[in-house]
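I have placed the structure first, in the form of structure tokens, so that the comments after it can refer back to it.
The values are calculated or read from the model by the stated rules, or taken from the named source; none is laboratory data. None of these values were measured; they are calculated from a predicted model. So basically every Cβ, Gly included, is an ideal-geometry build from the backbone, and we count neighbours across all protein chains shown.
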Amino acid sequence: MGAKTEPSATRNAYGDALLELGEAHEDVVALDADLSVSTQSAKFGKAFPDRFFNVGAAEANMMSMACGLAVTGKRPYCSTFAIFAAGRAYDQVRLGIAHNELPVRIGASHGGVSLGEDGASHQMIEDIALMRAMPKMTVIVPADYNQAYRATLDSYESDEPMYMRFGRPATPVVYDEVPETLGPGVDVLREGKDISLIATGHMVWRALEAADSLEREDGVEAEVVNVSIIKPINSEAILESLAKTGVAVTAEEHRVVGGLADAVRQVAAEQHPVPVFAVGMGDEFGVSGTGEACMEHFGLTARGIADRAREALLLKPIVSHPPLFGPDWT
Amino acid sequence: MGFPASQPEGNPAANLAGMSHLRPVPDPRPPTKEAARGERVPTEAELERWATVLRIECVRMLAVAKSGHLDSSLSAADIVSALYNRVLRHDPENPGWAERDRFVLCKGHAAPIQYAALAHHGYFPLEDLQGLRKIGEPLQGHPDMNRTPGVEVSTGSLGQGLSMCVGISLALRLDGLAETSHVFGVLSDGDCQEGQTWEAATAAAHFGVRNLTAIVDYNHLQTDGTTEEVMDIGDVRAKFESFGWDAVEIDGHDMEAIVQALERSRRLDRPAAIVAQTRKGRGVSSMEGRFGFHGKPPSPEQAGEALDELMARLEEQTAALHDAEGKDGE
């Protein structure tokens, strides 16, 4: 297990950790749908050809086969792009995996718009929403290579169905080491008292940059929170930060509908109603361009987060009141 | 014949005592247990008689549930009788036996026929059959592996079942059980309209699966009309053959042909398809081969007539068996 210090893609961590799981556990099997180089499951496939099933371009078949393997005692890892895992094969994941509560892991690579050039047909921006809505499904979105490595290794120990979202581009590391654990899935990476920047996946390192810029340019102390387990979300950790700062901006490479924004807003609305602003995709599909150009195009940048935070801070004295009811989090 | 005007609360079976047709099926001899089967396998005549018992249970269950797919269950009765009473290696006292054969009802809407077979083999009490589709009861509208003992995997979304079977077959192969444990999937003509079934058929041949038999209950009727009118799937046997399967076509109500085809399919070096030409609603004259009963429970009058007919057949079959036994004994 080697921690990365240079920018690296979360999908690489999945591939590396999957190989390690294969070495450690006989019951790990992997399936892919003709994308094993992209999803990185090819590393497992090369080492364990007997336990690797490349089904070709047939994602529905892959998910139901994984169900069959799991009911017969195996621990299947299904890899494909997020668009096919959550979009095309939704019913197969729903009935065969989630409804049966089977230990099947879906390694969904190329989530969001940062996959770039392939464009809207491949840029999955609704998968977190779809998988959050599915009963019994755990949804994990790691922030960098090191956390993705931990998430994949630990997934073996869990008995629940799990959707793990990984990304295509190399992104800066947020964790210096491979963390010991994902913990409750909510990490405060930087303490602050003025505003909470609550981010997931590729937006976490950008949120850290945004916090730097807010401190430098506005003297604002922003708290940066990484949510790696979006479902079930750890509401206590979210509420603790909201209670401290009284206003939040969420950031995700995903539709704000059904995504991290809604998950945080749901917690806030029920237990500590403070304003929660969102950075994410609106009512729109992705477009072609380089990954970074796509992120820029949709405002999924450190600048985008900082600007949204400035708007939120302007409104904070007007809209943010101490809660009228609920637990005392201060 | 008719239901009493007011029905008592509680156990739905309790109010059936007054209705002769809905009393437990008279049968002094439980099905032969796998362990005791050894030297003596049930004859075709006995299997036919068991098919009648299963049909009677289906009519009773649907009459009580007032919901479900009766005609789809009846067309598969002979196949299911042959499997559970003769072909399958299973042990109701040890449902988790690793080396057992696996039965997957890909056409999950025909759940009552599997439930009847499971109950008569002692996987759960016969009384549970009358709880079909009722809140809080173990027998769901479609098979549920986590609620009903003996159900290997949940089904009910057409097209997924054969993929699940391929996954189970591969897992058994990884465990070194391909020569002993066989997977039998019962598909509908609707399954063959779903594209995923052909993804699974491709995969089974590609991965060299040997311990899998797909039985297609080709009854030619679906919700909106005949399969020929709605979406003609044509020569299903030829399709499976062209996908690299061993494929035969039989009369799905000819017990000798069913048993022969099933037992032959165990010994092949390829996945096997048995296209069973059947009649929807088989065994009940008012329904057999007639459109308009799919997903519609029988009215009390229809159920009464159906049970009259089936009980008369059961008596004939029982008497014939006793006569034959008597002759054997002389």
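Overview of values
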item: Failed condition for residue A:44, given (1) touching a Gly at 6+ places or on another chain (Cβ under 9 Å); (2) within 13 Å of chain B (Cβ to nearest Cβ); result: (2)
item: Which listed residue is on the phi < 0 side of the Ramachandran plot, within 19 Å of the chain's Cα centre (by Cα) and touching a residue at least 40 places away in the same chain (Cβ under 8 Å), from A:251, A:278; result: A:251
item: Sole residue being over 18 Å from residue A:171 (Cα atoms) and touching a strand residue (DSSP E or B) at 6+ places or on another chain (Cβ under 8 Å), chosen from A:86, A:108, A:120; result: A:86
item: Filter pass, residue A:246 being modelled with pLDDT under 95, out of contact with any strand residue (DSSP E or B) (no Cβ under 7 Å at 6 or more places or on another chain) and under 19 Å from residue A:225 (Cβ atoms); result: yes
item: Restricting segment B:130-156 to residues that are crowded, with 19+ Cβ neighbours inside 10 Å and of a type in the set (Asp, Glu), the residue that is farthest from the other protein chains (Cβ to nearest Cβ); result: B:144
item: Odd one out for residue A:24 among (1) facing chain B (nearest Cβ under 10 Å); (2) surrounded by fewer than 21 Cβ atoms within 10 Å (Cβ to Cβ); result: (1)
item: Residue A:128 being in a helix (DSSP H, G or I) and more than 23 Å from residue B:151 (Cβ to Cβ); result: yes
item: Residues within segment B:293-307 that are more than 21 Å from the chain's Cα centre (by Cα) and not charged (D, E, K, R), tallied; result: 4
item: Per-region count, segment B:177-197, residues small (Gly, Ala, Ser) and either without any contact (Cβ under 8 Å) to a residue 12 or more places away in the chain or part of a strand (DSSP E or B) (or both); result: 2
item: Residues being more than 7 Å from chain B (Cβ to nearest Cβ), surrounded by fewer than 24 Cβ atoms within 10 Å (Cβ to Cβ) and not in a strand (DSSP E or B) - total across segment A:52-83; result: 3
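Yes/no matrix, rows are residues, columns are (1) part of a helix (DSSP H, G or I); (2) within 30 Å of residue B:57 (Cβ to Cβ); (3) without any contact (Cβ under 8 Å) to a residue 60 or more places away in the chain:
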| position | (1), (2), (3) |
| --- | --- |
| B:209 | no, no, no |
| B:213 | no, yes, no |
| B:233 | no, yes, yes |
| B:253 | no, yes, no |
| B:270 | no, no, no |
| B:274 | no, yes, no |
| B:286 | no, yes, yes |
